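Below you'll find the structure, written out as structure tokens, and then a few comments.
Bear in mind that the values in this text are calculations on the coordinates, not laboratory data. Please read all numbers here as calculations on a predicted model, not as lab measurements. Glycine gets a Cβ as well: all are built from the backbone with ideal geometry, and neighbour counts include every protein chain shown.
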């Protein structure tokens with residue numbers, strides 16, 4: 001009875017200043033709340049009387065859990081079972097800026113080699129050359145060391161072109177974001193073939209500026225450019241999620257904490273609340289009910305760190321890796337056999353036999 005009364009008191013009363021559960025703050029009724037969570041019963045099961053105490057309990061009646069005559073032996077916790085091969089470890093959905101650590105090509109995982117990948121799998125890219133990764137990080141540092149000169153040149157270009165930075169805040173903030181995204185943009189659009197073009201830290205400022213501009217694309221961070229891709233960044237911040245960039249090698253050179261968060265790409269007057277259940281819901285649908293789906297992934301594309309996989313309920317669908325391709329992967333980039341099969345499949349879906 002004490003437990004029942006305490007439970008009822010906790011439900012009926014709140015401390016001053018406690019806004020109550022989230023569904024009540026949103027103005028939902030009990031029925032609306034139940035409709036959104038059909039797996040939870042509206043009322044808790046009735047409390048039952050506890051069974052009679054077993055004979056091995058000793059001592060006078062007392063509050064708290066009963067005391068055993070012979071304490072049970074401690075058993076070690078069960079060993080953690082490693083994830084089954086071919087399946088990624090389950091993770092709780094993270095904030096909108098969750099994703100690969102530093103925007104570089106993901107390391108090889110449990111994927112099949114090229115040409116042997118069955119339906120529902122994708123091809124893992126080769127690990128980036130360590131020398132190329134080191135060169136990219138050295139360029140990032142040097143670009144921030146020369147911030148005054150290079151960011152000043154960026155600001156002068158924006159004034160001459162009539163470009164503004166109201167969304168990101170300033171040319172200096174936009175410049176820092178462009179430098180942080182440098183490895184991501186490099187691996188998405190250049191890849192290992194572009195490693196030879198990475199300038200040395202001793203390059204002239206003009207050479208460094210032109211190379212960074214060619215990879216990270218300074219015009220992308222202006223208001224005019226961001227407005228043209230606003231729906232994309234809005235979905236990144238509300239459903240898809242975004243990457244976090246590794247900044248340990250840039251210690252002491254950054255001025256704008258949090259500039260890499262996707263919230264900065266969207267004007268502040270537009271709400272941006274992350275929906276952690278959106279993409280898992282689509283992923284379940286693909287694996288359980290998806291049909292007539294074709295996923296073409298570039299082998300070296302960092303954006304496919306979390307690819308779609310087919311499941312037992314998927315029908316007439318396929319996952320095709322494009323060898324050596326990046327973020328611009330197309331059906332034409334597949335192997336000749338896969339490209340012919342994918343083209344015939346799409347034509348069949350369109351009714352062009």
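Observations on the structure shown:
- For residue 289 and residue 207, a Förster radius of 35 Å and the Cβ-Cβ distance give a FRET efficiency of 0.10, rounded to the nearest 0.05.
- Between residue 235 and residue 157, the simple spin-label model (points 7 angstrom out along Cα→Cβ) gives 2.9 nm.
- Ranking of 204, 335 by count of other Cβ atoms within 10 Å, fewest first: 204, 335
- Cα centroid of the stretch 135-157 to Cα centroid of the stretch 247-306, whole Å: 26 Å
- Gained length - residue 268 relative to residue 281, 0.36 nm times residue gap less alpha-carbon distance: 1.9 nm
- Taking other C-beta atoms within 10 Å as the exposure proxy, 297, 154 rank 297, 154 from fewest upward.
- Across the stretch 278-349, the volume of the C-alpha convex hull divided among the residues equals 90 Å³ per residue.
- Take the Cα of residue 350, step 7 Å toward its Cβ, do the same at residue 251, and the gap between the two points is 5.5 nm.
- Computed lengthening from residue 330 to residue 195, 0.36 nm per intervening residue step minus Cα-Cα distance: 46.3 nm
- Spacing of the modelled spin labels on residue 170 and residue 134, each 7 Å from Cα toward Cβ, amounts to 3.5 nm.
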